[in-house]
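The values are calculated or read from the model by the stated rules, or taken from the named source; none is laboratory data. Computed from a prediction, not measured in an experiment: that's the story for all the values here. Here the Cβ positions follow ideal geometry from the backbone for every residue, glycine too, while neighbour counts run over all protein chains shown.
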Amino acid sequence: MNNKGFTVVELIASFALTMVIAVFLFEVLIEVKDVFADTNIKTAIQQKSSIISKNIENLLNPDSNNINCNSNQGICTINDKILQIKKNNNQIIINGQNFNMPKSVEIKDYQITNYCDDKECYLYVEMILDSANIKNEYIYNVTYYYLP
């Protein structure tokens, strides 16, 4: 007898193999999507951080500076210009200009510290940023050194 069809065992084995491959490809697709979303949000945060850093740096005078910070309120007066972090609005205000965090990113916590000794001073700005689209929190921390 000439049997040209598949046996039940061959059909079950090929179906099982197809399902294993489909599940594996689905898992790979989910991981690639998560990596893309994570990278996309981190890139947007880094771009915004770069702009914020440059604007803070522009407030500092190379010759002398007058800086007064209240870290609890997230406000610094730098040479009569205001640097403010608004946690509830996910916004940084530098000299009247608003810088909003990318959508879905929130400022979880922040710290602004100003310290001077006899020779040098520094302004330390740290923000802990979080988003449902990234696996770990993003920590923005920049230290600006300047002359007293």
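Would you confirm whether or not the stretch 118-128 contains a residue that is of a type in the set (A, V, I, L, M, F, W, C), touching a helix residue (DSSP H, G or I) at 6+ places or on another chain (Cβ under 8 Å), surrounded by 14 or more Cβ atoms within 10 Å (Cβ to Cβ) and closer than 30 Å to residue 31 by Cα? No; the residues of the stretch 118-128 include none that is of a type in the set (A, V, I, L, M, F, W, C), touching a helix residue (DSSP H, G or I) at 6+ places or on another chain (Cβ under 8 Å), surrounded by 14 or more Cβ atoms within 10 Å (Cβ to Cβ) and closer than 30 Å to residue 31 by Cα. In the stretch 133-148, which residues are among the hydrophobic types (A, V, I, L, M, F, W, C) and in contact (Cβ under 8 Å) with a residue 24 or more places away in the chain? Within the stretch 133-148, 134, 142, 147 qualify.
Residue by residue, here is whether (1) modelled with pLDDT of 85 or more; (2) hydroxyl-bearing (Ser, Thr, Tyr); (3) buried (at least 18 other Cβ atoms within 10 Å of the Cβ) holds:
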site	(1), (2), (3)
27	yes, no, no
36	no, no, no
43	no, yes, no
49	yes, yes, yes
69	yes, no, yes
80	yes, no, no
100	yes, no, no
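All conditions in (1) on the phi > 0 side of the Ramachandran plot; (2) surrounded by 14 or more Cβ atoms within 10 Å (Cβ to Cβ) hold for residue 59, with the sole exception of (1).
Among the residues here, residue 14 does not qualify as among the hydroxyl-bearing types (Ser, Thr, Tyr) and either within 27 Å of residue 127 (Cβ to Cβ) or in a strand (DSSP E or B) (or both). What number of residues within the stretch 88-132 are assigned to a loop (DSSP other than H, G, I, E, B), under 19 Å from residue 44 (Cα atoms) and either touching a residue at least 40 places away in the same chain (Cβ under 8 Å) or under 14 Å from the mean Cα position of the chain (by Cα) (or both)? Total satisfying the criteria: 6.
Here residue 84 meets each of (1) within 16 Å of residue 141 (Cα to Cα); (2) in contact (Cβ under 8 Å) with a residue 24 or more places away in the chain with one exception, condition (2). Scanning the stretch 55-64 finds one or more residues that are more than 15 Å from residue 85 (Cβ to Cβ) and in a helix (DSSP H, G or I).
Restrict the check to the stretch 33-44 and report whether at least one residue is among the charged types (D, E, K, R), in contact with a Lys or Arg (Cβ under 8 Å, 6 or more places away or on another chain) and in a helix (DSSP H, G or I). Yes - at least one qualifying residue is present in the stretch 33-44.
Looking across the stretch 133-148, the residues that are surrounded by 14 or more Cβ atoms within 10 Å (Cβ to Cβ) and either of a type in the set (Val, Ile, Thr) or assigned to a strand (DSSP E or B) (or both) come down to 134, 138, 140, 142, 144, 146.
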